[in-house]
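Below is one structure, written out as structure tokens; comments come after it.
The values are calculated or read from the model by the stated rules, or taken from the named source; none is laboratory data. This one's a predicted model, so the numbers in the text were calculated from it and none came from an experiment. Positions of Cβ are backbone-derived with ideal geometry, glycine not excepted, and every protein chain shown enters the neighbour counts. Heads up: the accessible areas ignore ligands, DNA and RNA and are worked out on the full protein's heavy atoms, side chains in. Shrake-Rupley method; radii C 1.70, N 1.55, O 1.52, S 1.80 Å.
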Amino acid sequence: MMDTTPLRDAYRALLDAAATVADSGDTIPIRPAGEWNADQILAHVALVTAATITAVSSAATGATATYDNRIAQDTWTLERVIALAGSNAVLRDRIRIQADALCALGGPMLSEAELDTLVPVLLLSRGKALVDRPVPLRDLVAGLAEVELPGHTEQLLALLPEDARAEATN
């Protein structure tokens with residue numbers, strides 16, 4: 001059985017950072033070109049989490065599982081998710097519920113054989129392929145906990161002015 005504690009902790013840290021940014025009302029007004037705002041980051045995480053839930057559910061049913069994060073980086077799709085959610089708070093609630101579902105599915109529900117299922121993965125970041133090969137499902141979930149979510153937590157906190165960022169990380 002996979003221990004989902006690191007995944008739960010990573011989601012908790014991300015959601016805490018998102019709430020801090022939302023509550024601050026004081027974010028850096030000008031971001032470097034191509035950098036997302038808080039809502040876009042949350043929409044991206046919601047899409048990535050949904051894709052991961054799909055891969056986990058597919059593996060659990062014996063269906064062919066795949067993972068492709070390109071749609072989670074598409075600007076039109078991000079804006080559509082934001083518009084449909086209606087608010088930053090709803091995006092955070094969606095991610096919280098998705099995190100609970102993924103932790104339930106990825107932990108006690110899956111056997112070791114299911115966690116070892118090779119999943120064809122295409123993972124892009126800033127237009128560059130980071131992963132383009134089959135990956136064990138457990139590594140896909142672990143990568144979410146160890147790299148993806150912490151990276152977006154830092155990205156959210158970077159939206160805060162330096163003094164607020166220092167306070168949020170202490």
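Data table
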{"item": "Accessible surface of the chain, 1.4 Å probe, proportion on carbon and sulfur as whole %", "result": "55"}
{"item": "Using θ = phi - 60° and Karplus 6.51 cos²θ - 1.76 cosθ + 1.60, couplings along the stretch 137-142 (whole Hz; Gly, Pro as x)", "result": "3, 4, 6, 4, 5, 5"}
{"item": "Rg and Dmax [Cα atoms of the stretch 46-106; Å; Rg one decimal, Dmax integer]", "result": "12.5, 36"}
{"item": "Residue-by-residue Karplus 3J(HN,Hα) for the stretch 3-12, coefficients 6.51, -1.76, 1.60, Hz, glycine and proline x", "result": "7, 8, 4, x, 5, 4, 5, 5, 5, 4"}
{"item": "Long-range amide H partners of ASP68 with built H, under 5 Å", "result": "LEU122"}
{"item": "Residues with amide H under 5 Å from that of VAL135, placed H, sequence gap 5 or more", "result": "VAL119, VAL121"}
{"item": "Distance between modelled label sites at ARG133 and ASP74, nm, 7 Å Cα→Cβ extension", "result": "2.8"}
{"item": "Heavy-atom accessible area per residue - the chain, 1.4 Å, Å²", "result": "52"}
{"item": "Alpha-carbon Rg with Dmax, taken over the chain, Å", "result": "16.1, 50"}
{"item": "Other-chain or far-sequence residues with amide H under 5 Å of SER125's (modelled H)", "result": "LEU130"}
{"item": "Per-residue ³J(HN,Hα) for the stretch 81-90, Karplus 6.51 cos²θ - 1.76 cosθ + 1.60, θ = phi - 60°, Hz, x for Gly and Pro", "result": "4, 4, 5, 5, 5, x, 6, 4, 4, 5"}
